[in-house]
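Readers should treat all values here as calculations from the given coordinates under stated rules, not as data from a laboratory. Keep in mind that what you see is a predicted model, and the values were worked out from it rather than measured. Using ideal geometry, Cβ is built from the backbone for each residue, glycine included, and neighbour counts are taken over all protein chains shown.
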Amino acid sequence: MSSCPSPLADDLVLDWWTGDLGAAEARRVERHLLSCGACSARAELLPALAEGVRTLVREGRLPSVLSPTVVERLQRDGRRIREYRVAPGGGVQCTVGPDDDVVLARLSARFGGVTRVDLVRQSGNAPEERYTDLPFDAAATELIFAPPMDMLRAMPASVEIMRLLSVEPQGERLLGEYTFNHSPWPRE
Ligand SMILES: [Zn+2]
């Protein structure tokens, strides 16, 4: 059974859908709802999720972490999804196609006992990029990361390391490290 450390209330989700929330709170609800498997599965029962996902895709506002329910919804809506599943310590050859709507990095990890998850991305000599306090499902076996498509399309051939960290009072614990050997789509 899926579980969430801090579930969203149904009326909050409905307020989000009807546009009754302020921008900052709406963004927080969006991020959580679309990223958390437990909450999005529960919200599947609300018309809000289907409609909300369609709107966010249209406006290019998908958050960086998606729940499996939202990925299924995108597939049902006919979106072209390219996926890379990577185990901790593993690596993959990856690219982005001209017709892809979404590219997903499906990072296997265990989240039992975890209270906060950060994702760190490191590419070449560029400064590392950190996504803090990501929504996650404690019962899930992966985190589904969707990098911004414009950034991905602009990326040269490079090696990118992603690390999932559990942030704990005693410090950080590595949940997994994943290597993406990226090649741009060949030009004709
Ligand atoms: Zn949740």
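Viscosity 1.002 mPa s, temperature 20 °C: what is the translational diffusion coefficient of the chain from Stokes-Einstein with a Kirkwood Rh over Cα pairs, rounded to a whole number of µm²/s?
Numbers: Rh = 17.2 Å.
Estimated via Stokes-Einstein, D reaches 125 µm²/s.
Give me the number: length gained by fully extending N181 to Y131, i.e. 0.36 nm times residue separation minus the C-alpha to C-alpha distance, one decimal in nm. Mind dumping the intermediate values first?
Values: separation 50, 0.36 × 50 = 18.00 nm, distance 2.05 nm.
Separation in residues times 0.36 nm, less the Cα-Cα distance, equals 16.0 nm.
Pop the C-beta distance of D99 and D11 into the FRET formula with R0 = 41 Å and round what comes out to the nearest 0.05.
Working: r = 39 Å, r/R0 = 0.95.
Efficiency, rounded to the nearest 0.05: 0.60.
Order these by the 10 Å Cβ neighbour count, fewest first: H32, H182. Can you show the working numbers first?
Values: H32 25, H182 17.
With the sparsest Cβ surroundings first, the list reads H182, H32.
Based on the mean of other Cβ atoms within 10 Å per residue, sort peptides 163-173, 138-148 so the most packed one is first.
Values: 163-173: 14.1, 138-148: 18.7.
Top to bottom by mean Cβ count within 10 Å: 138-148, 163-173.
Among all cysteines in the chain, which have no other cysteine Cβ under 4.7 Å from their own Cβ?
Result for the chain is C4, C94, no neighbouring Cys Cβ within the cutoff.
Taking 0.36 nm per residue of separation and subtracting the Cα-Cα distance, what length does fully extending R76 through D20 add? If you can, show how the numbers build up before the last one.
Working: separation 56, 0.36 × 56 = 20.16 nm, distance 2.78 nm.
Difference between extended and current length: 17.4 nm.
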